[in-house]
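Contents: one structure, followed by commentary.
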Amino acid sequence: MTSFRNYLFCLTENASHGILNSDDKKVLLVFTVSASNDFELASNTKCPIKNVQNIAVNANFFVVSYINLDSKTSKKLNLKPSGVVLFPRSLATIDFNSPCQLNIGSSENFIYPIGVALNNDYIFVCDKNLKTVFKINFQNRSIEANYCIPEGEPYKISINDNYLVLTDIGLHRISVHSISNLNIINHLTIQQPDENGPYGIYVTNDNIIFFKNYKSSQLVVLDIYLNNQTVFQKISKGIEDFTVLECVQQVLVVGVFDKNTSKLVCYCS
């Protein structure tokens, strides 16, 4: 799930249920959000990529990170088995017939790109196996910064104009980084009820961080200095791949898995 301005993009197994990481074909649902926070379905398009790990969007591109692409689709779209791919975007329409593969360099490729974010100038990719977050220039595709966590297991990322926030499920922590050079500014270890998490995370343009743990029913809010940890809402318990957060306009949208059904739950943020 991702958003840009008043558009919300949600990748599902089909038009009625499921979010991410299934062997089934994906369907991309695009919603428009009105000034009164009414959601209206704008498009419903089949996505050719399986085993999607994350999606992101800006004014011109829709970006997908994926693993274990089947050989038929890999050959048809000329894509590597695992990686990050850009598709041209115009409003609610994605051109899935014009993919552009994003590479780290001439001799290295992404192995397990589990987190992705982008703005107008840069693409940010978190590779779980390489234990690194990359900042890549949109124009020349060069790596302008990276942050490596050899002792950790980096997972999901979110950005605003000034910061990148990162969850690490190996060190059980949230870290805040400068978006210019990815230098770490601060980090906070999150107490876990089990061995997993934290997972879903989102940082708003007002420097408010939302996150949710693995089996916790608490949606937690922090400031950018990682202080004032407060329970924002108690929501349905989720599983790893269904704990996704996105903020569109003034609405926080949470993807959860409840009673074998995936749901999008909206809160005024």
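The values are calculated or read from the model by the stated rules, or taken from the named source; none is laboratory data. Note that the structure is predicted; figures quoted are calculated from it, not measured. Neighbour counts run over all protein chains shown; Cβ positions are idealised from the backbone, glycine included. SASA here: full protein model, heavy atoms, side chains in, ligands and nucleic acids out. Shrake-Rupley method; radii C 1.70, N 1.55, O 1.52, S 1.80 Å.
Data overview
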{"read-out": "Candidates 54, 21 - the one that is surrounded by 15 or more Cβ atoms within 10 Å (Cβ to Cβ), under 30 Å from residue 129 (Cβ atoms), modelled with pLDDT of 90 or more and under 17 Å from the mean Cα position of the chain (by Cα)", "value": "54"}
{"read-out": "Subset of the range 151-169 that is within 15 Å of residue 112 (Cα to Cα) and assigned to a loop (DSSP other than H, G, I, E, B) - its residue that is least open to solvent (accessible area, probe 1.4 Å)", "value": "152"}
{"read-out": "Residue 87 being aromatic (Phe, Trp, Tyr) and outside any strand (DSSP E or B)", "value": "no"}
{"read-out": "Test for residue 146: is it in contact (Cβ under 8 Å) with a residue 24 or more places away in the chain, part of a strand (DSSP E or B) and not aliphatic (A, V, I, L, M)", "value": "yes"}
{"read-out": "Residue count, the range 57-75 (criterion: closer than 15 Å to residue 118 by Cα and either among the acidic types (Asp, Glu) or buried (at least 17 other Cβ atoms within 10 Å of the Cβ) (or both))", "value": "7"}
{"read-out": "Residue ID - least open to solvent (accessible area, probe 1.4 Å), chosen from residues in the range 76-122 that are small (Gly, Ala, Ser) and more than 19 Å from the chain's Cα centre (by Cα)", "value": "105"}
